[in-house]
1. Tell me, which strands (runs of 3 or more DSSP E) lie completely within segment 1-94 with 3 or more residues that are at pLDDT 95 or above and open to solvent by less than 60 Å² (accessible area, probe 1.4 Å)?
2. Just for segment 95-119: of the residues that are over 11 Å from the mean Cα position of the chain (by Cα) and among the hydrophobic types (A, V, I, L, M, F, W, C), which one is modelled with the lowest pLDDT?
Amino acid sequence: MARILLAEDDEAVRSFVKRALELDRHTVVAAEDGAAAAEVLQDDDDGFDLMLSDIKMPVMDGIALALVAARDKPQMPILLMTGFADQRERASGLDGLVHDVVTKPFSLAEIRQAVTDAIVGINRDERRLMA
């Protein structure tokens, strides 16, 4: 069970992902955009085991948030999600900072597995080799 910071501007997606991760008994702190998530990170004393963020959001996007998180919490894994191919390409430059980018739409099982993999440090290529 992990403590996860979730940044997602779409209420429906945010609720879906939060409930999905709570099924695995994770504690999820949800923020409606990157700026709100950055404030949560700054004010947090307990630490997060993972940050899961949408890339395309108003105010502060997920890439800017990932840069802030990597600077302030370098030990915390970062998982991004997006439904836009161009945003996925933007994130490819963050390979050293971001564990993976999950493509939307995703199933309940897919997001749960991606989060588990990020927390334990398994990347998709390793998972394919294990199967």
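1. Working: elements: 3-7, 27-31, 50-54, 78-82.
Correct list: 3-7, 27-31, 50-54.
2. 97
The values are calculated or read from the model by the stated rules, or taken from the named source; none is laboratory data. Keep in mind the model is a prediction, meaning the values are calculated, not measured. We work out accessible area using only protein heavy atoms, side chains counted, and drop any ligands, DNA or RNA first. Shrake-Rupley method; radii C 1.70, N 1.55, O 1.52, S 1.80 Å.
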